[in-house]
Structures are given as structure tokens and as C-alpha cells.
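Read through the structure below, which is laid out as C-alpha cells, and then see the notes.
What follows draws every value from the coordinates through simple rules; no lab data is involved. These figures come from a predicted structure and were not determined experimentally. For neighbour counting, all protein chains shown are included, and Cβ atoms are generated from backbone atoms with ideal geometry for every residue, glycine included.
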Amino acid sequence: MTRSVADELRRTLQDRIMVLDGAMGTSIQGYPLEEADFRKGHFEDHPSPLKGNNDLLSLTRPDIIEEIHDSFFEIGADFACTNAFSATTVAQADYHLEHAVYDINFAAAQCARRSADKWSKKTPDQKRYVIGCLGPTNRTASMSPDVNDPGKRLVSFDDLVQAYKEASIALIDGGVDLIMVETVFDTLNAKAAVFAVLELKQERSLDIPLMVSGTITDASGRTLSGQTPEAFWVSLEHGELFSIGLNCALGAKDMLPHIKALDKHATCLISAHPNAGLPNEFGEYDQSAEQMAEQVRPFLSEGHVNIIGGCCGTTPAHIAQLRKLADEYSPRPLRDLAKEVADDN
């Protein structure tokens with residue numbers, strides 16, 4: 001019987017902590033890109049400005065995106081996240097590019113797939129994997145954008161399900177190994193994404209692992225829609241999750257208490273990919289790779305995580321330091337909640 005990717009990963013994650021890549025956006029900013037780069041070969045006649053719509057680069061400058069994936073695999077990352085953070089019809093509506101969503105996601109998956117396969121061949125003892133990313137969109141299903149109209153919504157649950165399903169189909173067709181609903185600030189949006197993926201898994205008889213990663217937006221210790229990490233887990237534990245975790249918004253030092261809270265309750269794997277500290281007054285990330293690694297160390301030394309990586313501001317140098325840390329420590333063991341309850345009784 002052929003072992004599924006999910007089974008492969010579970011076996012690997014029993015033995016060691018695996019490493020996500022770093023910030024796609026920060027890496028893209030290192031290239032001198034102009035409007036023409038976002039149009040090349042596909043969108044020359046598009047009427048709206050496109051510079052800054054980074055997801056398009058998987059189509060128009062795949063050489064750059066694949067080079068970025070290579071840079072993280074070269075220093076030892078296990079996972080590449082697709083360049084598809086805003087590649088849903090909901091988010092691409094700002095650019096009037098809803099019609100291009102399938103192509104964007106498929107191309108993003110292919111860029112990461114080519115890089116992962118290349119590095120898997122170079123390092124046969126370390127297989128590389130591709131995570132298809134579903135971003136939070138620029139709409140919230142839980143909250144009104146108008147304080148004078150509490151019932152107003154800019155997007156419905158059904159709209160989000162449809163958008164996430166369309167993106168997921170393209171990512172899977174493009175060859176991803178996992179799906180990650182990431183940077184969740186509104187749990188209702190995440191529920192729509194989870195519903196869409198579970199429906200797709202059933203329709204296609206897929207065993208594709210589903211990751212969810214939320215974001216704690218400030219010192220309150222809550223998501224934008226008001227949930228604590230514990231409530232976030234309870235709201236999503238029905239989703240047959242491969243892992244749950246946190247990313248973005250916070251540096252490692254500020255994220256650690258919230259990862260501990262997830263660790264205490266979650267019965268699936270735990271992931272964390274914090275920022276390289278907090279941005280300075282110019283929006284830049286000053287935290288060095290070494291400084292970040294020391295702040296990340298307790299995540300691993302105290303046994304809170306199975307998957308570690310970096311979000312905003314993290315470069316290959318940062319991920320290289322996290323790779324070294326991951327090799328020093330054992331992964332968080334999976335909790336058997338039923339056994340714990342029985343032992344308590």
C-alpha cells in the first residue's frame with residue numbers, strides 16, 4: 001500500500017521538528033520590480049494598476065518566486081509556502097482579477113513544486129513539501145465595517161466558502177502536499193475555509209493534511225474577532241486538523257504565551273511562525289537571525305511545537321538559525337485527551 005503524504009509527515013514529525021520557510025513578501029521586496037514585472041506575458045492590457053499584487057509574480061516572474069523558494073530550501077527548510085496569500089476571488093476583486101484566480105494559484109503551486117522536487121532530489125534523506133496557502137482575505141465575516149450598522153457585512157460565509165474552494169482546487173491541481181489556512185484574524189472566515197477544504201477532500205477522496213494558523217493582533221492576546229487562543233482551538237477542533245498554530249503580528253517573545261495556551265489544549269500538531277520582532281517606525285524588521293533564534297528557543301526547548309518557521313521580516317538567514325535550533329530539540333508529543341481525562345478520573 002502506498003503511504004500517503006499525511007502518513008509520511010506524521011512519521012517524520014514524531015521524530016523531529018520540521019521547518020517552514022520565511023517571509024515571501026520580504027524576499028520579493030529585495031527585487032527591483034516595476035509595473036511591467038506584474039504584467040509580463042499575462043496582464044499587459046489590464047486596465048488597473050497591478051504593482052504590489054505579489055501573487056501575480058508566480059505567473060509573470062516565476063523565476064523570482066522559484067528562486068525565493070530555492071533560497072529557503074537551500075538552508076534546510078522542509079516546507080515551502082505558496083506565493084498565494086491573496087489569491088482568492090474576494091481579495092483579487094480589488095484588482096478586478098477574479099477571473100485569474102485559478103491560474104494564479106496553480107502557478108504558485110507549480111513554482112513551489114518545482115523547487116521542492118529539485119531539492120528533494122539533491123537531499124534524498126530530506127524530502128521537501130509544498131504548503132498551499134489560503135490567506136484571510138481582506139473581508140471579515142464576523143464584524144461590520146460600519147459602526148452605525150452592526151449587521152452590515154462585506155462578504156458572506158457562502159461567498160467565502162466558494163472563494164476558498166476555488167483557490168484550493170487550483171492549489172491541489174498544481175501539486176501542493178498540504179493546505180494551510182493562515183493569518184486568521186476572523187475565525188468565521190477560517191471556518192469557511194475549513195468547510196471548503198473538507199468538502200473538497202470528500203468530493204475528491206483526498207487525504208491532504210489541513211493546517212490552520214491564526215494571528216493574535218495585539219497585547220490583548222486575542223484575534224481581531226475577539227477570541228483567545230483556547231477559544232480559537234475550540235472553534236476549529238472539529239475540522240480534522242493536521243496542525244493548529246499562530247503566525248504574523250507578533251515576534252517570538254510576545255507569541256510564546258499564546259503558543260503555550262494552544263499547546264495546553266490542542267490534540268493535533270502545533271506550528272508557529274512568528275515575525276522577526278516588531279516593525280520599526282519605517283515598517284522594517286530589525287531583529288537579527290541570532291536574536292530571533294534566542295527568542296524562539298523556548299518554543300522548542302520547552303516542547304511546545306512540532307513545526308517552526310518565520311513570518312514577516314524573516315530571511316533565509318533567520319530560517320537557517322531556526323533549522324539549527326530544530327535539530328537540537330525533540331518535537332512536542334501528541335496529546336491523548338481521552339487518556340488524560342481517564343487518568344484524571
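What FRET efficiency would be calculated for the residue pair Ser156, His96, taking the C-beta separation as r and a Förster radius of 25 Å, to the nearest 0.05?
In this case the efficiency is close to 0.75.
Taking the chain as a Gaussian network, Cα atoms linked when under 10 Å apart, which of Thr82, Thr187, Thr217 shows the biggest mean-square fluctuation?
Checking each option, the largest mean-square fluctuation is seen for Thr217.
Report, please, the projected area of the stretch 146-237 averaged over directions, based on the convex hull of its C-alpha atoms, in nm².
The number I arrive at for the stretch 146-237 is 6.9 nm².
Among Lys152/Lys253; Lys118/Lys201; Lys51/Lys127; Lys40/Lys118; Lys51/Lys165; Lys51/Lys121, which pairs are too far apart, with a Cα-Cα distance over 30 Å?
Lys152/Lys253; Lys51/Lys127; Lys51/Lys121
Using label points projected 7 Å from each Cα along Cα→Cβ, tell me how many nm separate Glu34 and Ser205, to one decimal.
5.3
Let me understand the chain better: what is its radius of gyration from the alpha carbons, and its Dmax, in angstrom?
According to the Cα coordinates of the chain, Rg and Dmax are 19.2, 68 Å.
Stretch Glu284-Asn148 to full length: gain in nm at 0.36 nm per residue minus the Cα-Cα span?
45.4 nm
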